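The next block holds one structure in the form of structure tokens; read it before the comments.
The values are calculated or read from the model by the stated rules, or taken from the named source; none is laboratory data. Just so you know, these numbers come straight off a predicted model, no measurement behind them. Backbone-built Cβ (ideal geometry, glycine too); neighbour counts: all protein chains shown.
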Amino acid sequence: MTQTAGKQNITVALSRETIRKARVLAAKRSTSISGLLADQIESLTGEDEAYERAKRSAVSMMRKGFHLGGVLTASRDELHER
């Protein structure tokens with residue numbers, strides 16, 4: 001595999017019909033099939049990284065808990081006496 005400017009080539013097997021459609025789409029966007037794939041993969045990995053950051057933040061907030069303002073006037077045991 002050849003590396004150019006920090007990038008590495010990969011091989012992808014696609015159907016002929018998919019390749020034909022990709023060529024048309026790439027031409028409409030003034031890019032190449034390789035450029036289309038690179039943009040999509042970079043977008044997917046960026047979205048995944050953002051999701052993981054948001055997930056870690058949400059879990060951290062849930063572990064910390066929220067104070068919703070109320071005042072406890074009785075213990076849990078007192079509330080659940082029968």
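Do any helices (runs of 4 or more DSSP H) entirely within the chain hold 2 or more residues that are touching a helix residue (DSSP H, G or I) at 6+ places or on another chain (Cβ under 6 Å) and modelled with pLDDT of 95 or more, and if so, which?
Ranges flagged: 16-28, 33-64.
Would you mind finding the one in ALA58, ALA27, ALA22 that is surrounded by 10 or more Cβ atoms within 10 Å (Cβ to Cβ) and under 22 Å from the mean Cα position of the chain (by Cα)?
Checking each option against the conditions leaves just ALA58.
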